[in-house]
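What follows is a single structure, written as structure tokens, with notes after it.
The values are calculated or read from the model by the stated rules, or taken from the named source; none is laboratory data. Remember, it's a predicted structure, so these values are computed and weren't measured experimentally. Cβ placement follows ideal geometry from the backbone for every residue including glycine, while neighbour counts extend to all protein chains displayed. The protein model used for the area step is the full one, side chains on, heavy atoms only, and it has no ligands, DNA or RNA in it. Shrake-Rupley method; radii C 1.70, N 1.55, O 1.52, S 1.80 Å.
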Amino acid sequence: MRISAPMRIEVLALAAALLLGCTPVVNTRGYLPDPIGEASIKVGTDTKTTIQQRLGDPSTQATFNGDAWYYISSVEKQIAFFDARTETRSVLAIHFDKDGKVMGINHYAFETRQTPARGRELGFLQQLFNATPGVPIGTGQGQGQPGQGPPGGGYP
């Protein structure tokens, strides 16, 4: 059985559309890093005005413990209909002295890994079927464990 030329074109177009639907969409949010502008900053010489001219307005400013400007950026990646995942997140912090001159520059990168919590995590159904009003989940109430209070809910 031979497939006609128009049918082949339709199948190829459908396959191409499916592949394009899986192409990741990358979004850069916040401050767009400017390595040349950042490298030209001189500690003790540059002021808030010169920093603002080179890098633009900061994402946020310090409210406590000194005067600092923070330029925050993040890169997110989304594939098809899945939730977007943050690939990188970084902060450029510029600290100023009382005269408004640059006192220091720091780069921070956020780590997105999570520390595992030791112990047992209950699923939704386990929480639903184990829940008794007034009794915290997983306390072992009514099982004769010491230090758990009286059986039957432990209301005062």
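Between residue 79 and residue 36, full extension at 0.36 nm per residue minus the direct alpha carbon distance yields a gain of 12.3 nm.
Could you put 70, 108 in order of accessible surface area, largest first, with the 1.4 Å probe and the full protein assembly present?
108, 70
Only lysines eight or more places from residue 98 in sequence, or on another chain, were considered; those with a Cα closer than 18 Å are 42, 48.
Can you classify the stretch 1-124 as rounded, prolate or oblate using the Cα gyration tensor, where a ≥ b ≥ c are the square roots of its eigenvalues, rounded means a/c under 1.5, and otherwise it's prolate if a/b beats b/c and oblate if not? Oblate shape, in that a/c is at least 1.5 and b/c is the bigger or equal ratio. A Stokes-Einstein calculation at 20 °C with viscosity 1.002 mPa s, built on the Kirkwood radius of the stretch 52-93 over Cα pairs, returns a diffusion coefficient of 173 µm²/s. Remark: relative contact order (the stretch 12-134) = 23 percent; criterion is Cα-Cα distance under 8 angstrom and separation of 6 or more residues.
Spin-label model, residue 122/residue 13: points 7 Å from Cα along the beta carbon direction are separated by 5.6 nm.
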